[in-house]
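In what follows, a structure is listed as structure tokens, so that the remarks can point back to it.
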Amino acid sequence: GFNRDLPDLRSINLSLCKKVTDNSLGRIATHCKNLENLDLGGCTKITNTGLLLISWGLKRIKRLNLRSCWQISDHGIGHLAGVNGQPAAAAAAGGGGARLLEDLCLQDCQKVTDEALKHIADGLTAIRRINLSFCLSVTDTGLKSLSRVKSLRDLNLRSCDNVSDIGIGFLSSAGGVGSSSSGGGGGGSPLLDRLDVSFCDRVTDSSMAHIGSGMTGLSSLSLSACQITDCGVVRISRDLPNLVVLNIGQCGKVTDDAMKTIAANMKALRSIDLYGCTKVTAAGIQALDKLDHLKIVNRGLWHQF
């Protein structure tokens, strides 16, 4: 166990250690004050109390993985953000909160709702990457909160069934995620680098219009199994010149026409996933040969990205 101070320890991986409890986190928070990376993925005994201990003891934590920590709820995220029971400004002045946190994984945390995202927006001002995949209680309202997070660069909403075009609109609106402006006027969210909305079946071509107008700095976009057509793909192919990775597998309405537009416009593209795109033929694949940087064209079940 952690029975003495370990000031030089920077990273601990306890993923799938089923016996790790809040008491374990108490020891870590007491003896590993300089910890920057903590992986608790699959530690199902961890509760909101454990997050309170982290927020008060691990002031230098930058990366925290809480994947499938099923007892974690909005209240625990409030502890991390330093906003529970006190105004955000007071918390920031010296209360609890993991103020340096940059990377937070909440994948499959089923008790996490929009309220948690409000806490994140209010308190975690350094956050750059959030994984909310399979968080079924996250809705468009939560994305409205995240639109205030200027530091956010990487957002994973995979299989968030209650996310729709409205939420994508919030994220891409002026003054939203990654925008250098604080509101009003033109612009959008040019600094968001990676977005994954795969298997969000309420995401349609309308979202492609939002993304095309407000997230023009994206380098990676995953849309697998979304309800998009050639029209949506044409929109993003013209408006996202820096895109390097495009995943549109299982988008059954996409055809060779979309491939031709991608070939004409996405000159930086290096990888495209077309698994399950049954209307894309050999002619469409051949059109992609015009892309000099394209290295991966995936049509099988497994792919690198």
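The values are calculated or read from the model by the stated rules, or taken from the named source; none is laboratory data. What you see is a predicted model; the values in this text were computed from it and never measured. Positions of Cβ are backbone-derived with ideal geometry, glycine not excepted, and every protein chain shown enters the neighbour counts. Ligands, DNA and RNA are stripped out before the accessible areas are found, and what is left, the full protein with its side chains, is counted by its heavy atoms. Shrake-Rupley method; radii C 1.70, N 1.55, O 1.52, S 1.80 Å.
Things worth noting here:
- Rolling a 1.4 Å probe over the protein heavy atoms of the chain, with every protein chain left in place, gives an accessible area that is 51 percent carbon and sulfur.
- In order through the stretch 271-282: 3J(HN,Hα) via Karplus (6.51 cos²θ - 1.76 cosθ + 1.60), integer Hz, x for Gly, Pro: 9, 9, 9, 10, 4, x, 7, 6, 8, 8, 9, 4
- Cβ-defined net charge surrounding SER164, 13 Å radius [Lys, Arg +1; Asp, Glu -1]: -3
- Which labelled figure in (1) 32.3, 131; (2) 20.6, 65; (3) 48.6, 194 is Rg and Dmax of the Cα atoms in Å, once derived from the coordinates: (2)
- Stretching the chain fully between THR141 and THR21 yields a gain of 40.0 nm (0.36 nm per residue, less the alpha carbon separation).
- Whole-Hz ³J(HN,Hα) from phi, Karplus 6.51 cos²θ - 1.76 cosθ + 1.60, for the stretch 146-152, glycine and proline x: 5, 5, 8, 8, 5, 7, 5
- Taking amide H atoms as placed 1.01 Å from N in the peptide plane, the amide H of CYS200 lies under 5 Å from those of SER159, each 5 or more residues away in sequence or on another chain.
- Pairs beyond 18 Å (Cα-Cα), from LYS19/LYS111; LYS118/LYS150; LYS19/LYS45; LYS19/LYS59: LYS19/LYS111; LYS19/LYS59
- Rough spin-label spacing in nm, given labels placed 7 Å along Cα→Cβ, for THR281 and GLN110: 4.5
- Sequence-distant residues sharing a close amide H with ASN247 (under 5 Å, placed H): LEU221, SER222, LEU223, ASP273
- Cβ-based net charge around ASN37, under 12 Å, with every Lys or Arg adding one and every Asp or Glu removing one: 0
- Computed lengthening from SER219 to CYS231, 0.36 nm per intervening residue step minus Cα-Cα distance: 2.3 nm
- Phi angles of the stretch 229-238 translate, via the Karplus equation with coefficients 6.51, -1.76, 1.60 and θ = phi - 60°, into HN-Hα couplings of 10, 4, 4, x, 5, 4, 4, 6, 5, 8 Hz per residue; Gly and Pro are given as x.
- Annotation: LYS279 carries an accessible surface of approximately 110 Å², with a 1.4 Å probe and no ligand, DNA or RNA atoms counted.
- Gain upon complete extension [ARG270, ARG10; 0.36 nm per residue less C-alpha separation]: 90.2 nm
- Packing order of peptides 52-60, 4-12, 18-26, highest average first: 52-60, 18-26, 4-12 (average count of other Cβ atoms within 10 Å over each peptide's residues).
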